[in-house]
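A.B. asks: Take this structure first; my questions come after.
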Amino acid sequence: MDVTLSRRRFLKISSAALGWSVAGGTLGKISPRASAANATNGGIETIPTYCDMCFWKCGAIAYKRNGKLWKIEGNPEDPLSRGRLCPRGTGGIGAHYDPDRLRAPLMRKGERGNEQWVQVTWDEALNFIADKMQQIKAEYGPEAVALFSHGIGGTFFKHTIKAYGSPNIAAPSFAQCRGPRDTGFNLTFGEGVSTPERTDIRHARCLTLIGSHLGENMHNTQVQEFSEAIQNGASIIVVDPRYSIAASKAKYYLPIKPGTDMALLLAWMNVIVNEELYDKAYVKKYGFGFEAFRAEIAPYTPEWAYPETTIEPDLIRATAREMAKHKPASLIHPGRHVTWYGDDAQRSRAIALLNALLGSWGRKGGFYSPVSMDVPSYPYPPYPPSEKGKVDNPHEKYPYAHGHGALTTGIRDATITGEPYPVKGWFVYATNLINALPNEKETIEAIQHLDLLVVIDVIPSEIAGWADVILPESVYLERYDELNVEWFRDPFIALRQPVVESPHNQKPNWWIAKKLAEKLGLSEYYPWNHIEEYLDYRLKHAGYSLAEIKKKGIITGAKQPIYFDEGVPDEFYTPSGKIEFYSLQLKEKGFDPVPKYTPPDPPPPGFYRLLYGRAPVHSFGRTQTNPLLADMMDENSVWIHVDIARRYGLKTGDTIRLKNQDGVLSNKVKVLATERIRTDCVYLVHGFGHKNKMLKRAYMKGASDAELITRYKIDPLMGGTGMNVNFVTFEMEA
Ligand SMILES: Nc1nc2c(c(=O)[nH]1)N[C@H]1C(S)=C(S)[C@@H](COP(=O)(O)OP(=O)(O)OC[C@H]3O[C@@H](n4cnc5c(=O)[nH]c(N)nc54)[C@H](O)[C@@H]3O)O[C@H]1N2
Ligand SMILES: Nc1nc2c(c(=O)[nH]1)N[C@H]1C(S)=C(S)[C@@H](COP(=O)(O)OP(=O)(O)OC[C@H]3O[C@@H](n4cnc5c(=O)[nH]c(N)nc54)[C@H](O)[C@@H]3O)O[C@H]1N2
Ligand code: SF4
Ligand SMILES: [Mo]
């Protein structure tokens, strides 16, 4: 690649985007050169595809110059990106050129975890895996193989694993991310919030963000809509112990004591109900159990909430009135990564209830009803039924864990204990379980019980370090994937297609999953020869074709109603058919029918709560080796309040280690002494502190939050793992 030119160009594009986060205004304008056509012009070729630098799947246009990947911009025809990518999306070319990429299949030599490998052929690797899987099936049954997978690239692995006979498929995006939110909303409205979130941020007149750090959390469409809402003069209320970028845009900033949001939510509802500020007609028409709810929240006055949250009663009242003034275009954002304290499904339910009081569900500026295109699935033979059922949640211990695959930590527990039945093989696709699950010791302990650990990744991640076999995947710019048929405000179909060839012996997921199925004697599940046939079949049955979608990357459908007053049926799929202010199903199962507050455990003396989140230029722990993104941020710092830093004699730039309540010591990390955080907590950007030596650029740079998260609190409703329950102190470095 022409490194200088593309880097200069890249920095220009991303600093425009980052400028937004710091200085306000919109993201960079749509480039007039971004033509959504598959064109060759003076050695320049444009190929539309969709981004995979995170899981938002923005439509993009890749540019090639003289046959080489040059740059990526947003696809103006795509409803998610609307022609603009976030800095990570723009930096996607770095994923193709990353010198740390896995290049060929590797098999472990010696002990697990010692990171010594022999390079093998694809046939050798897949034969080894298929033989092991047949042995496991013969001895323990097919359910003893589990798949962990994150993102759309896992589609074909899920298919192969189901065909093999296992129902044990899990993703950290449920029990370590947004599961509790969808459970809380489902219990209230009968539907979840889904992804992309059905939030009508663009039209909100008042937007309340509870720890949703938009601007650092760079989910493109939401950041663009947030920016529009600000420009349209919406009132922004931000609740965060840390003065986030979003907080800097807020009319009201509430620096809440961590873990006490439930108290604030109850007090807000108390004010809105007592002062009769709620949408009475809406609540009367759609609400179930409102009087019982009113009685339950009566004790939770702002004066009661003040010592819990440290937010002044006047400020609680003022913000409650502000959000009510703009109803129903008043949106309390449901959040996304909500696995914080273990009472997360109930906190999410409280957020749902507050939205219900404001009448925002089904209304403009609140939650719209998403639509999608109708693209029939491929007609495969039925999967073999499983006699044993899923392994993760014996006796339905977590009654609301259904419907989203299995629980990651449930599979991990079963692997360790052998109960309710043994798990002997793990497939890990595009998820770094060492970083994504709390308590890495338990993950490593579970791995010791396995007969087979296969990791499919693009770089040598920490979990790959523990594998028996590592399979190197082509990055998204080098492959086709499943169609993106998203539920969104506008219906569309998006295509991911190869822009360039893989540089070494990497293969796309569909090819690996299909070859493996064939070696397992499951060829009937792959009646197509190439994914192009599969995609064309699906598209033809929807009235389109692969040839057609390849040109623009996107097919959009006609606008459809998305609000109640546009004709969306005002139905709620709860047991009562209404919005459940009081939940009889929760009561029957022994849970609180209306959310209650439990104070968080206090830190041990001299310890500070460990909080963590995102940086605009990185995705989780997966982009630290990307040369373009690492140039912008190559390590994290620990945010410490200036007064606390002073107490320890620390200043910005000093190097320390963090030690958690269980004695776990982090890598060295730089201090950021700042007034932008409370005195009772510290903050790290997630994804740094890599420990795999093969990650040359990222090895030991910064500290890993994951490593310090040894404790977690399980949500009794749905099995999510609250992870903001760890505390750290500081160890000085000479
Ligand atoms: N401590 C801590 N834990 C967390 C979080 C946190 O903030 N802190 N966040 C939680 C949340 S919100 C989520 S959604 C989860 C996310 O957790 P994960 O999905 O595990 O995210 P990553 O850790 O980035 O791991 C993604 C892996 O996929 C690999 N990868 C990237 N592209 C490709 C590809 O094209 N093909 C293949 N095969 N692999 C690829 C990357 O190299 C990386 O190893 O983690 C959760 N866990
Ligand atoms: N750039 C970038 N963007 C991303 C991602 C990425 O990796 N990189 N990942 C995407 C994914 S999968 C997800 S799930 C989202 C996650 O992003 P979000 O869902 O927006 O945020 P969280 O990770 O839950 O929380 C981080 C914020 O919560 C605050 N916080 C911590 N504890 C508390 C508390 O007790 N109360 C309150 N009110 N606030 C608290 C922190 O200070 C921080 O600002 O980001 C998405 N967007
Ligand atoms: S939000 Fe950014 S990284 Fe995620 S898909 Fe969109 S452009 Fe790519
Ligand atoms: Mo997430």
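Nothing in this text is a laboratory measurement; each read-out follows from the coordinates by a stated rule. Note that this is a predicted model, so its numbers are computed, not measured. Cβ placement follows ideal geometry from the backbone for every residue including glycine, while neighbour counts extend to all protein chains displayed.
A.B. asks: Dipole of the chain (Lys/Arg Cβ +1, Asp/Glu Cβ -1, origin at the Cα centre): which of SER194, ILE554, TRP466 lies farthest to the positive side?
C.D. replies: The residue sitting farthest along the positive end of the dipole is ILE554.
A.B. asks: For an R0 of 45 angstrom, estimate the FRET efficiency from the Cβ-Cβ distance between ASP592 and ALA558 and round to the nearest 0.05.
C.D. replies: Details: r = 44 Å, r/R0 = 0.97.
Efficiency computed from Cβ-Cβ geometry: 0.55.
A.B. asks: Here's another thing I want to ask about it. Report the Cα centroid-to-centroid distance between the range 188-221 and the range 653-688 in angstrom, as an integer.
C.D. replies: Cα centres, the range 188-221 to the range 653-688: 29 Å.
A.B. asks: Would you mind telling me the antiparallel percentage of the DSSP bridges in the chain, rounded to 5?
C.D. replies: That works out to approximately 50 percent antiparallel.
A.B. asks: Excluding residues on the same chain fewer than 8 positions from LYS251, give the aspartates and glutamates whose Cα lies under 20 Å from its Cα.
C.D. replies: ASP200, GLU216, GLU225, GLU228, ASP240, ASP261, GLU312, ASP314, GLU322, GLU675
A.B. asks: Show me 491-498, 431-438, 649-656 ranked by packing, highest mean number of other Cβ atoms within 10 Å first. Intermediate results must be reported in sequence, preceding the final value.
C.D. replies: Values: 491-498: 22.6, 431-438: 25.1, 649-656: 14.8.
Those peptides, ordered most packed to least, come out 431-438, 491-498, 649-656.
A.B. asks: Also, I was wondering about something else. Computed FRET efficiency, Cβ-Cβ of SER248 and LYS68, R0 35 Å: what is it to the nearest 0.05? Walk me through the intermediate numbers first.
C.D. replies: On the way: r = 40 Å, r/R0 = 1.13.
Between SER248 and LYS68 the formula returns 0.30.
A.B. asks: With unit charges on the beta carbons (Lys and Arg positive, Asp and Glu negative) and the dipole taken about the Cα centre of the range 608-732, which residue among LEU628, LEU684, VAL725 sits farthest to the positive side?
C.D. replies: LEU628
A.B. asks: Would you mind classifying the range 236-287 by shape? Square roots of the alpha carbon gyration tensor eigenvalues, ordered a ≥ b ≥ c; an a/c under 1.5 is rounded, otherwise it is prolate if a/b is larger than b/c and oblate if not. Present the calculation step by step, with values, prior to reporting the outcome.
C.D. replies: Working: a/c = 3.06, a/b = 2.03, b/c = 1.51.
Prolate.
A.B. asks: While we're here: If a/c stays under 1.5 just call it rounded; otherwise compare a/b with b/c (prolate if a/b is bigger, oblate if not). Do that for the range 572-659, with a ≥ b ≥ c from the square roots of the Cα gyration tensor eigenvalues.
C.D. replies: oblate
A.B. asks: How high is the relative contact order of the chain, in percent, with contacts defined as C-alpha pairs under 8 Å that are six or more residues apart? Mind showing how you got there, number by number?
C.D. replies: Values: 1657 pairs, mean separation 133.9, N = 734.
The normalised contact order for the chain reaches 18 percent.
A.B. asks: If a/c stays under 1.5 just call it rounded; otherwise compare a/b with b/c (prolate if a/b is bigger, oblate if not). Do that for the range 608-732, with a ≥ b ≥ c from the square roots of the Cα gyration tensor eigenvalues.
C.D. replies: Values: a/c = 1.62, a/b = 1.06, b/c = 1.53.
The shape class here is oblate.
A.B. asks: Please compute the length gained on full extension between THR310 and GLU228, using 0.36 nm multiplied by the number of residues separating them and subtracting their Cα-Cα distance. Each step should come with its number before you reach the end.
C.D. replies: Details: separation 82, 0.36 × 82 = 29.52 nm, distance 3.13 nm.
Residue separation times 0.36 nm, minus the Cα-Cα distance, leaves 26.4 nm.
A.B. asks: Where nothing but the Cβ of Lys and Arg (+1) and of Asp and Glu (-1) is charged, how large is the charge dipole of the range 608-732 around its Cα centre, in debye to the nearest 20?
C.D. replies: Working: 19 positive and 12 negative charges, 45 e Å.
The calculated dipole for the range 608-732 is roughly 220 debye.
A.B. asks: So, one more: Determine the sum of side-chain charges near GLU518: Lys and Arg each +1, Asp and Glu each -1, restricted to other residues whose C-beta is under 13 angstrom from that of GLU518.
C.D. replies: Working: positive: LYS514, LYS515, LYS519; negative: ASP123, GLU524.
Net local charge, GLU518 excluded: +1.
A.B. asks: Sequence-distant or interchain residues sharing an amide H contact under 5 Å with TRP117, placed H: which?
C.D. replies: LYS109
A.B. asks: Using the count of nearby Cβ atoms within 10 Å as a rough guide to exposure, how do ASP457, ASP78, ASP601, ASP451 rank from fewest to most?
C.D. replies: Working: ASP457 21, ASP78 30, ASP601 13, ASP451 18.
Fewest-to-most ranking of ASP457, ASP78, ASP601, ASP451: ASP601, ASP451, ASP457, ASP78.
A.B. asks: Quick query: amide H of ILE169 versus all other amide H atoms, modeled in the peptide plane; which residues come in under 5 Å with a sequence gap of 5 or more or a different chain?
C.D. replies: Amide H neighbours of ILE169: LEU147, ALA406.
A.B. asks: Could you tell me the distance between the Cα centroids of the range 99-153 and the range 541-592, to the nearest Å?
C.D. replies: If you average the Cα positions of each part, the centres end up 38 Å apart.
A.B. asks: Using the 10 angstrom Cβ neighbour count as an exposure proxy, how do ARG647, ARG676 rank, fewest first?
C.D. replies: In order of increasing Cβ crowding within 10 Å: ARG647, ARG676.
A.B. asks: Using only DSSP helix segments of four residues or longer, with each worth -39500 (n - 2.57), what per-residue ellipticity at 222 nm results for the chain after dividing by its residue count and rounding to 500? Numbers along the way, then the final one.
C.D. replies: Values: 23 runs with 219 residues, N = 734.
Computed ellipticity for the chain at 222 nm equals -8500 deg cm²/dmol.
A.B. asks: Which of the residue pairs LYS514/LYS550; LYS71/LYS670; LYS578/LYS713; LYS109/LYS132; LYS285/LYS587 have a Cα-Cα distance greater than 26 Å in the structure shown? Show your work: numbers first, answer last.
C.D. replies: Details: LYS514/LYS550 23 Å; LYS71/LYS670 33 Å; LYS578/LYS713 31 Å; LYS109/LYS132 16 Å; LYS285/LYS587 23 Å.
Correct reply: LYS71/LYS670; LYS578/LYS713.
A.B. asks: Go ahead and collect, in residue order, the members of the range 143-169 whose backbone nitrogen is under 20 Å from a label point 7 Å along the Cα-Cβ direction of HIS541.
C.D. replies: 153-164
A.B. asks: Report the FRET efficiency, 1/(1 + (r/R0)^6), for LYS109 and ALA318, where r is their Cβ-Cβ distance and R0 is 51 Å, rounded to 0.05. Don't skip to the answer; put the middle values down first.
C.D. replies: Details: r = 65 Å, r/R0 = 1.27.
With a Förster radius of 51 Å, E is 0.20.
A.B. asks: Let me check against my output: what whole-number percent is the relative contact order of the range 245-332, with C-alpha pairs under 8 Å and at least 6 apart?
C.D. replies: Details: 75 pairs, mean separation 35.4, N = 88.
It comes to 40 percent, rounded to a whole number.
A.B. asks: In whole Hz and in residue order, list the ³J(HN,Hα) couplings for the range 651-657 that follow from phi through the Karplus curve 6.51 cos²θ - 1.76 cosθ + 1.60, θ = phi - 60°; x for Gly and Pro.
C.D. replies: 9, 3, x, 5, 10, 9, 10
A.B. asks: Toward the positive end of the charge dipole of the range 298-448, about the Cα centre and with charges on Cβ (Lys, Arg +1; Asp, Glu -1), which of PRO328, TYR341, TYR383 goes farthest?
C.D. replies: Result: PRO328, furthest along the dipole toward the positive end.
A.B. asks: Quick one: what are the phi-derived ³J(HN,Hα) couplings along the range 596-610, Karplus 6.51/-1.76/1.60 with θ = phi - 60°, whole Hz, x for glycine and proline?
C.D. replies: Along the range 596-610, the couplings run 10, 9, 10, x, x, 5, x, x, x, x, x, 10, 10, 5, 8 Hz.
A.B. asks: If you place +1 on the Cβ of every Lys and Arg, -1 on the Cβ of every Asp and Glu, and leave all else neutral, what size is the dipole of the chain about its Cα centre, to the nearest 20 Debye?
C.D. replies: Values: 87 positive and 83 negative charges, 368 e Å.
About 1760 debye.
A.B. asks: Through the Karplus equation 6.51 cos²θ - 1.76 cosθ + 1.60, θ set to phi - 60°, convert the phi angles of the range 522-537 into ³J(HN,Hα) values in whole Hz; use x for Gly and Pro.
C.D. replies: Computed from phi, the couplings for the range 522-537 are 10, 4, 5, 7, 10, x, 9, 8, 9, 4, 4, 5, 4, 5, 5, 4 Hz.
A.B. asks: Tell me the relative contact order for the range 608-732 as a rounded percent, counting alpha carbon contacts under 8 Å between residues six or more apart.
C.D. replies: Details: 270 pairs, mean separation 41.5, N = 125.
Here the relative contact order equals 33 percent.
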